[in-house]
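Enquirer: Shown below is the structure under consideration.
The values are calculated or read from the model by the stated rules, or taken from the named source; none is laboratory data. If you're wondering where the values come from, they're calculated on a predicted model, not measured in any experiment. Note that we place each Cβ from the backbone using ideal geometry, even for glycine, and neighbour counts take in every protein chain shown. To get the accessible areas, we keep the full protein, side chains included, count just its heavy atoms, and leave off ligands, DNA and RNA. Shrake-Rupley method; radii C 1.70, N 1.55, O 1.52, S 1.80 Å.
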Amino acid sequence: MKKIIMFLLVLAIMIPGLWASGDQESGSEHKMKIGLSLFSLTAEYLATLKDNMLNYWEEQGLEDKVEIIILDAGSDSAKQISQIDNLITQQVDAIIMVPFDREQLAPSVVNTENAGIPMVLLAAKTVNLDKATSYVGSDDIVSGRLQMEDLAQRMGGKGNLVILHGHPGTNAEVLRHTGAHEILEKYPDIKIVAEKICEWDRALALQAVENLLQSDMKIDAIFAENDEMSMGAAKAIEGSGIDREIFIGGVDAIPDALQAVNEGILVNTVFQNNRAQAEKALQVAIDAAKGKSVEKLYDIPYELVTLENVDLYLDK
């Protein structure tokens, strides 16, 4: 009897402690890890994309619940592939990737799927989009169409056109170029007189357009696949002393470009809603990591910006 009584006393003492331990374990929350792989943080658009995601992360009070591992691939596909492999090895809960090359990064999407880790492609696609958990972004073909249609109309449907390309093989470079050519099929009197690879870079675009102008090439319009290159082209024309108008357009609606449209230096840019992309991508990654159902596509439409409506975008 004494042994039974002693056992009951010890058990009575232990049970509250066991309950407390159980409550503590159930109350402790796993801190989710999400990898954010950006192909280059020197690109203004991607740097702003990262900042908008971190701002949203803070606004939603996610600091204690979600860790974001930010990786910069430095415009190097091999490096980005290695970084994704490292995230898989770390067994992160989800990966958000802005791929550098739509073909070379395709195997990384498959590897992530095989590892059972949700992959959210952001702002740029790989050729095997169906293998990704979700895509959050805008349709780059549309941006090419919007910019080129506006340029073609300003040209009166005829004249000499220069195209400035981003890095070959990137999703935006391929699809924006495709969109432009779809529009050009309607305007047979617009002639492409030069195409230059400027790798999304302002300085390279400045140099390329300077060289074209020094060759006495007649240029009526410049189609730039992003705003860094459109701003470089504008700088080259400004320094050339040419007094006739050359229509210049771009994509991304970065602050410099919006101001340039406002001042009549660029005739257009195409607004890509950076903040909406960043916020939705993080939402989708968190939901997918929790096992919630997410859509395969979250389309955030492009919008043409010209002098007539630029005031609506300057504050964005």
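Enquirer: Look through segment 49-84, keep the residues that are charged (D, E, K, R) and not in a loop (DSSP other than H, G, I, E, B), and return whichever of them is nearest to Val127 (Cα to Cα).
Expert: Among those residues, the one meeting the criterion is Lys79.
Enquirer: Further question on the same structure: Taking the criterion of being within 20 Å of Ala276 (Cβ to Cβ), open to solvent by 50 Å² or more (accessible area, probe 1.4 Å) and free of Cβ contacts under 8 Å to residues at least 40 places away in the same chain, would at least one residue in segment 131-140 satisfy it?
Expert: no
Enquirer: Sort out which residues of segment 227-265 are acidic (Asp, Glu) and either within 22 Å of Ala180 (Cα to Cα) or open to solvent by less than 10 Å² (accessible area, probe 1.4 Å) (or both), and write them in order of number.
Expert: Scanning segment 227-265 gives Asp227, Glu228, Glu245, Asp252.
Enquirer: Looking only at residues in segment 85-103 that are assigned to a loop (DSSP other than H, G, I, E, B) and hydrophobic (A, V, I, L, M, F, W, C), which one is farthest from Ala288 (Cα to Cα)?
Expert: Phe100
Enquirer: While we're here: Looking at (1) of a type in the set (Asp, Glu); (2) closer than 28 Å to Phe271 by Cβ; (3) surrounded by fewer than 19 Cβ atoms within 10 Å (Cβ to Cβ), which one does Glu63 not meet, given that it meets all the others?
Expert: (2)
Enquirer: For segment 104-125: of the residues being assigned to a loop (DSSP other than H, G, I, E, B) and modelled with pLDDT of 95 or more, which is least open to solvent (accessible area, probe 1.4 Å)?
Expert: Of everything passing the filter in segment 104-125, Leu105 is least open to solvent (accessible area, probe 1.4 Å).
Each row is one residue, and each column tells you yes or no for (1) under 23 Å from Ala234 (Cβ atoms); (2) open to solvent by 10 Å² or more (accessible area, probe 1.4 Å); (3) outside any loop (DSSP other than H, G, I, E, B); (4) touching a helix residue (DSSP H, G or I) at 6+ places or on another chain (Cβ under 7 Å).
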{"position": "Gly144", "(1), (2), (3), (4)": "yes, no, yes, yes"}
{"position": "Leu161", "(1), (2), (3), (4)": "yes, no, yes, no"}
{"position": "His181", "(1), (2), (3), (4)": "no, yes, yes, no"}
{"position": "Trp200", "(1), (2), (3), (4)": "yes, yes, no, yes"}
{"position": "Ala203", "(1), (2), (3), (4)": "yes, yes, yes, yes"}
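Enquirer: Ok, one more. Of Asn268, Asn274, Asn262, which residue is under 19 Å from Ala123 (Cβ atoms) and polar (S, T, N, Q)?
Expert: The match here is Asn274.
Enquirer: Just to check your reading of the model, which residue among Glu279, Glu295 is open to solvent by 20 Å² or more (accessible area, probe 1.4 Å), closer than 30 Å to Ile68 by Cβ and touching a Phe, Trp or Tyr at 6+ places or on another chain (Cβ under 8 Å)?
Expert: Just a single option satisfies the conditions, and that option is Glu279.
Enquirer: Taking Asp85, is it at pLDDT 95 or above, open to solvent by 10 Å² or more (accessible area, probe 1.4 Å) and touching a Ser or Thr at 6+ places or on another chain (Cβ under 8 Å)?
Expert: In short, yes.
Enquirer: Could you check segment 226-316 for helices (runs of 4 or more DSSP H) lying wholly inside it with 1 or more residues that are without any contact (Cβ under 8 Å) to a residue 12 or more places away in the chain?
Expert: Per the criteria, 255-262, 274-289, 311-314.
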